[in-house]
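The values are calculated or read from the model by the stated rules, or taken from the named source; none is laboratory data. Everything numeric here is computed off the predicted structure, so don't read it as measured data. Every residue, glycine among them, receives a Cβ derived from its backbone with ideal geometry; neighbour counts consider all protein chains shown.
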Amino acid sequence: MIVRFFHQMGSPRYFYGVAGKLIPWFMVSFLITLVLGLYYGLFVAPADYQQGESYRIMYIHVPAAWMSMFIYVVMAVSGLISLVWRIKMTEVVVISSATVGASFTFLALATGSLWGKPMWGSWWVWDARLTSELLLLFLYLGIIALHSAIEDKRVAARAVSILALVGVVNIPIIHYSVEWWNTLHQPASITKFGKPSMDMSMLVPLLTMAISFKLYYGAVVLMRARAEIVERERNARWVQELVQEEAK
Amino acid sequence: MSTLSLTSAFTLLLKRDMTLAYRRRSELVNPLLFFVLVTAMFPLGIGNDPKLIEAVGPGVIWVAALLAALLSLDAMFRSDFEDGSLEQFMLSAHPVSILVLAKILAHWLVTGLPLFIAAPLLAVLLNIPGDAIPTLMLTLILGTPVLSLIGSVGVALTVGLRRGGVILSLLVLPLYVPVLIFATDAVKTAIVGIPTTAQLSILSAMLVGSLVLAPLATAASLRISLS
């Protein structure tokens, strides 16, 4: 049963159909959680005792940062699957995720810098998290650049899968070395707002936003995957039938 | 099947690459010259205050080493790719990762080792105190092989591309960050006079780790690039 499911999901045509049916569900639940999360985060949740209202950017910043790492792991896992079992659909997932991941990383950096201006007094500090997030953005950009440089898209997908795997081995090393470097060179110049065990009234909107971003990622990755499939399989009969149907 | 043992295949490949490098001696000097030039540019850019130069010295030397390694990386598989010998390595009965390791070793002997030899001179130019120079050399001998090893994965992925150079730096430089951090920190700590075993141990760990993993990733990448 499960084997059959995976077998079917490996077929581009079947995946295309299922993805098409799933996208509206993802979109609708994304919008609902987004509205709920934003409303509770921006209007209902109490202001922070230290940072006042400006902490509210956290409801975008933190989920975006989570997503930036989550998507990289998804890419590495699907990269591994596509290298080992040569499943076409996981290759498509690797590629489709890269741009979304890079966007979330950029969003986390941009909101972090906006948040840093009132809190730390400057747009950018060489804080450990900011720095490793920046390096993560470079890793994403490298993946996108490599993929666009290789003509044959199946070869490109496999090359990118290896790169994602090399990256995922290195990310913890990079992260901890940056953290080490930071503690040595910038002792407590930043007043991080530690981790005051977060109140439920703040935590619930935050988690809602995190779920919302995940749903968004799901919807976008399926859309991109569908586009990628149609492009790759443009000579297949079912795609041509599909195009003719659309044309009618 | 080949009757050549793995060890002799390794040494033969190493000898071949070294001979090829020796025949093109003028190219050999390029990374070294680049290393010295970049290092010499920094005092001109930041001013001749000895204290300032001393403070940035280790970082400057290591960033220059990083760039010199990056500059020479592209040549690692290029000529073998163009004349088809790389495909013959893939067809050989021996594990590709070991053959790749021979090529990486040759590359390091040609480009990494000269940096190591030139480093004391540059350290003197940048006011790094004599006591810290052995540490600088230790970090270079531990760190530059890591640069060649990690770099080989990036080269293997981009060898088939016409303009792989820019992409190569985008792929490889973020992965060089840990080496840069620990190596420069070791030298800075040595300047202050504190023991540097921690940093050197971590650099050694990186060397061992990349020695084991990088050839495998490089071999897999080469197979993809040649497919």
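In segment B:210-225, is there at least one residue being more than 11 Å from chain A (Cβ to nearest Cβ), at pLDDT 90 or above, surrounded by fewer than 17 Cβ atoms within 10 Å (Cβ to Cβ) and under 14 Å from the mean Cα position of the chain (by Cα)? Steps first, please.
Taking segment B:210-225 as the starting set, the residues that turn out to be more than 11 Å from chain A (Cβ to nearest Cβ) are B:211-212, B:215.
Restricting the remaining residues to those that are at pLDDT 90 or above gives B:211-212, B:215.
Narrowing further to those that are surrounded by fewer than 17 Cβ atoms within 10 Å (Cβ to Cβ): B:211-212.
From the residues that got through so far, the ones that are under 14 Å from the mean Cα position of the chain (by Cα) too are B:211.
Yes, the conditions are met somewhere in segment B:210-225.
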Hey, B:Val155 hits all of (1) at pLDDT 90 or above; (2) farther than 20 Å from B:Leu66 by Cα; (3) in contact with a Phe, Trp or Tyr (Cβ under 9 Å, 6 or more places away or on another chain) but one; which does it fall short on?
(2)
Among the residues of segment B:157-167, how many are in contact (Cβ under 8 Å) with a residue 12 or more places away in the chain and within 9 Å of another protein chain (Cβ to nearest Cβ)?
4
Do we have B:Pro145 as at the interface with chain A (Cβ under 10 Å from one of its Cβ atoms), within 18 Å of B:Leu66 (Cβ to Cβ) and in a helix (DSSP H, G or I) here?
no
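Kindly check whether there is at least one residue in segment B:57-79 that is assigned to a helix (DSSP H, G or I) and acidic (Asp, Glu). Step through it out loud before you land on a result.
Of all residues in segment B:57-79, those assigned to a helix (DSSP H, G or I) come to B:57-73, B:75-79.
This time we only want the ones that are acidic (Asp, Glu), so: none.
No, every residue in segment B:57-79 fails to be assigned to a helix (DSSP H, G or I) and acidic (Asp, Glu).
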Output the qualifying pairs, or none if there are none: Cβ atoms under 6 angstrom, residues six or more apart or on different chains, first residue in segment B:186-207 and more than 27 Å from B:Ile104 (Cβ to Cβ), second residue of a type outside the set (S, T, N, Q) and buried (at least 20 other Cβ atoms within 10 Å of the Cβ).
B:Lys188/B:Pro58; B:Ala190/B:Ala132; B:Ile191/B:Ala132
Subset of segment A:1-22 that is surrounded by fewer than 17 Cβ atoms within 10 Å (Cβ to Cβ) and within 21 Å of the chain's Cα centre (by Cα) - its residue that is farthest from A:Leu242 (Cα to Cα):
A:Leu22
Going through segment B:194-203 one residue at a time, which ones are more than 10 Å from chain A (Cβ to nearest Cβ), in a helix (DSSP H, G or I) and surrounded by 14 or more Cβ atoms within 10 Å (Cβ to Cβ)?
B:Leu200, B:Leu203
Under the condition of being in a helix (DSSP H, G or I) and free of Cβ contacts under 8 Å to residues at least 12 places away in the same chain, which residue from segment A:130-150 is farthest from B:Val159 (Cα to Cα)?
A:Phe138
Any chance you could count how many residues in segment A:151-168 are free of Cβ contacts under 8 Å to residues at least 60 places away in the same chain and more than 7 Å from chain B (Cβ to nearest Cβ)?
2
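Each row is one residue, and each column tells you yes or no for (1) farther than 18 Å from A:His175 by Cα; (2) of a type in the set (A, V, I, L, M); (3) touching a Gly at 6+ places or on another chain (Cβ under 6 Å).
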residue: B:Leu138; (1), (2), (3): yes, yes, no
residue: B:Leu149; (1), (2), (3): yes, yes, no
residue: B:Gly164; (1), (2), (3): yes, no, no
residue: B:Pro178; (1), (2), (3): no, no, no
residue: B:Val187; (1), (2), (3): yes, yes, no
residue: B:Ala198; (1), (2), (3): no, yes, no
residue: B:Ser210; (1), (2), (3): no, no, no
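Can you go through B:Leu66, B:Leu37, B:Leu99, B:Leu109 and tell me which one is over 28 Å from B:Leu180 (Cβ atoms) and modelled with pLDDT of 90 or more? Don't jump to the end; show me each part of the working.
Numbers: B:Leu66 fails: over 28 Å from B:Leu180 (Cβ atoms); B:Leu37 fails: over 28 Å from B:Leu180 (Cβ atoms); B:Leu109 fails: over 28 Å from B:Leu180 (Cβ atoms).
After applying the criteria, what remains is B:Leu99.
Kindly indicate whether any position in segment A:106-117 is hydroxyl-bearing (Ser, Thr, Tyr), in a helix (DSSP H, G or I) and within 14 Å of chain B (Cβ to nearest Cβ). Steps first, answer last, please.
Step one: list which residues in segment A:106-117 are hydroxyl-bearing (Ser, Thr, Tyr), which gives A:111, A:113.
Next, only the ones that are in a helix (DSSP H, G or I) stay: A:111, A:113.
Then keep just the ones that are within 14 Å of chain B (Cβ to nearest Cβ); that gives none.
Among the residues of segment A:106-117, not one is hydroxyl-bearing (Ser, Thr, Tyr), in a helix (DSSP H, G or I) and within 14 Å of chain B (Cβ to nearest Cβ), which makes the answer no.
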